[in-house]
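Here the structure is laid out as structure tokens; the discussion comes afterwards.
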Amino acid sequence: MKKDMLSKTFVIGVVILFIGVGGQSVFAVDIPEKEEIEPKDYLFETIIIIANNPDIQNLFEEYKNNINLDYNNRYIFRQLLFKNPDLLCSMVFTKTKTTTQYLEESYDQGIKLIDIYSEEKTLEMLDSVKLKNPELLDDLNNIVMNDEDLSDRISKLSFLNNETNPICYALVILGIRAIIKWISLDWLEVIFRNVQYLELFFMARSWLVIPQIFIISDLLNVFDCWWF
């Protein structure tokens, strides 16, 4: 997986000052014992906190129409339609939420999607997300770097992402699911372009997935998960 992605993708390290420069962080952090925290649960909590941050929500609203996906959307949609139509229906008709239950369900669905498309192709999908306006990264950096709770959580997650990389593993699975859901909704919007209410329905559902893609992709790079 390519790692020199600064000029072509939007998944550049958002909080490198916390974990990347000289091994120091901006804020002092109490590193917990590994037994105290379940990595996946703590990751889900962190994603929810990020998604509910008002400044980050405003940022997503500003940039929601500025993502490109350089991949064969039709292939992705048809593969899922023919191999697991029930999973497709569940994804596109379930509203994106910022809850632990939703992330748990997304995680389970992500595992099924990797089985459908193969690990190699799903990683290619993650690598194919592009941002039209890279200045989003600077804005996102400013928000995260000035939020003490978020920086503390990033440091703890970095500690929890030990030699078995449970954080990276969970992020890849969630990322795959978010991207394929977005692709499926986008394709359905095209199919029903002349059916007003259905087109608007799928368009609205598609917009709701975008913040999740931002957050997950962001964290994938923070924890150096692109080698998966």
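Here are some notes:
- Here the peptides 155-161, 74-80, 213-219, 191-197 are ranked by packing, the mean other Cβ count within 10 Å, and the order with the highest first is 213-219, 155-161, 74-80, 191-197.
- Ranked by how many other beta carbons lie within 10 Å on average, peptides 85-91, 108-114 from highest: 108-114, 85-91
- Summary value for the range 38-222: 36 percent relative contact order, contacts being C-alpha pairs under 8 angstrom separated by 6+ residues.
- Cα-centred dipole magnitude for the range 38-222, charges only on beta-carbon of K, R (+1) and D, E (-1), debye, nearest 20: 900
- Sorted by Cβ density within 10 Å, fewest first, the residues Leu208, Leu174: Leu208, Leu174
Readers should treat all values here as calculations from the given coordinates under stated rules, not as data from a laboratory. Bear in mind that the values here come from a model prediction, so they are computed numbers and not experimental data. Glycine gets a Cβ as well: all are built from the backbone with ideal geometry, and neighbour counts include every protein chain shown.
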